[in-house]
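Quick note: the coordinates plus some simple rules give every number you see, no bench work behind them. Everything numeric in this text was worked out from a predicted model, so none of it was measured. Note: ideal-geometry Cβ built from the backbone for every residue, glycine included; neighbour counts use all protein chains shown.
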Amino acid sequence: MGEYQVEEVVEFLAGAGRVAVLTGAGISAESGVPTFRGKDGLWKQHKAETLATPEAFERDPKLVWEWYDWRRGLIAPVEPNAGHRVIAGWERLFGEMAVITQNVDGLHAKAGSQNVVELHGNIWKLRCTREGTVEEVRDNPLPHIPPVCPNCGSFLRPHIVWFGESLDPVVLDRATDLSESCQVMFVIGTSAVVHPAASLPYAAARAGAKIIEVNLEPTSLTPHANFFFPGKAGEILPVLDRQLREWTKP
Ligand code: BV8
């Protein structure tokens with residue numbers, strides 16, 4: 001990691017009051033959660049359009065639930081990694097700090113982050129397709145596939161935003177406000193291809209924020225970032241954190 005870059009970033013971060021962190025599947029990769037578009041990505045085994053869409057659920061709720069139940073089983077034993085933990089610690093380091101995540105695995109909260117905006121929902125939450133009620137259900141595996149609402153008997157669906165579905169406007173507004181009011185936005189572990197999440201760093205930059213990207217490889221966002229740290233989030237974030245705490249030591 002370029003030492004000069006770290007110095008520059010730390011110096012800038014030390015003065016930042018409002019920091020936003022946008023994360024994607026890459027922040028959970030070192031915890032063992034497969035990413036979506038990597039070489040062994042989740043979409044490889046299944047085409048997103050065959051599973052993560054309302055049409056797929058309409059057509060075959062059992063198949064869609066088998067995929068989500070399998071993913072819940074993958075995620076259940078998983079622990080947050082050093083990257084999640086550094087981000088959680090930054091809530092006590094910066095004046096205002098928020099995590100905006102595309103991930104549905106709940107690992108930021110498990111690592112201790114309190115201020116988390118889940119753009120695409122949460123794999124542990126189920127929503128009644130008729131009443132719209134949302135419950136957290138941790139059963140793993142689910143006793144019945146597809147699960148049905150105990151109140152009205154309608155199918156329950158994952159409380160997750162599928163392709164072709166709009167994000168919850170309240171959630172998107174909050175994420176947009178955080179992006180447009182921060183002085184620094186970290187963009188960590190995302191291929192930056194899924195909208196509207198991928199547009200948030202541009203909104204932040206337009207509002208004057210510095211963009212710091214951490215990813216194994218460059219993305220379409222990289223040319224627009226002020227700093228790019230190539231490598232694993234679980235290795236890079238602890239180094240940045242140590243230097244930052246050194247720098248800001250009273
Ligand atoms: C919507 C839930 C209005 C499912 C997901 C504008 C332009 C272009 C397209 C569109 C647009 N507006 C809408 C669209 C269509 C679509 C879209 O964006 N398609 C893309 C693919 C082109 N968007 C939508 O449909 C959205 N809805 O806009 O509503 C509307 C309505 C109707 C018609 C049109 C518009 C809804 C999007 C939400 C979809 N749901 N997830 C589930 O999880 O089961 S998206 C899915 O992709 C996941 O949530 C995931 O988080 C997200 C993004 O992927 P990433 O997180 O970035 O993961 P990925 O594997 O791709 O990349 C991992 C990265 O990490 C890589 O870069 C890798 O290098 C890096 N990495 C790996 N290891 C590490 C690492 N980095 C650091 N350290 C490591 N160790």
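Data overview
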| read-out | value |
| --- | --- |
| Pairwise label distance in nanometres, L63 with I145, each label 7 Å out on the Cα-Cβ vector | 1.3 |
| Dipole of the chain, positive end: most advanced residue of A198, V19, T53 [Cβ charges, Cα centre] | T53 |
| Extended-chain gain in nm, criterion 0.36 nm per residue less alpha-carbon gap, V170 and L216 | 13.4 nm |
| Degrees separating the helix 169-181 axis from the principal Cα axis of the chain, which is the longest one | 10 |
| Neighbour net charge for H120 - beta-carbon separation under 12 angstrom, K R +1, D E -1 | -3 |
| Sorted by Cβ neighbour density within 10 Å, fewest at the top, the residues W247, W124 | W247, W124 |
| Separation of alpha-carbon centers, segment 45-117 and segment 189-235, rounded to whole Å | 19 |
| Helix-only mean residue ellipticity at 222 nm for the chain, each DSSP H run of n ≥ 4 adding -39500 (n - 2.57), per residue, nearest 500 | -10000 deg cm²/dmol |
| DSSP-loop GluC sites (Glu not before Pro) across segment 163-235, with at most 15 other Cβ within 10 angstrom | E165 |
| Approximate spin-label separation R245-N226, in nm, with each point projected 7 Å along Cα-to-Cβ | 2.4 |
| Ranked list, fewest to most other Cβ atoms within 10 Å of each Cβ, for C128, C182 | C128, C182 |
| Stretchable slack from S154 to W43, in nm (0.36 nm times residue separation minus alpha-carbon distance) | 37.1 nm |
| Percent antiparallel among DSSP beta bridges (both partners in the chain, rounded to 5) | 25 |
| Neighbour-count ranking [beta-carbon atoms within 10 angstrom, fewest first] of D69, D105 | D69, D105 |
| Three-way shape call for the chain based on the alpha-carbon gyration tensor, with the a/c threshold at 1.5 | prolate |
| Contour minus Cα-Cα distance for E8 and R92 (0.36 nm per residue) | 28.1 nm |
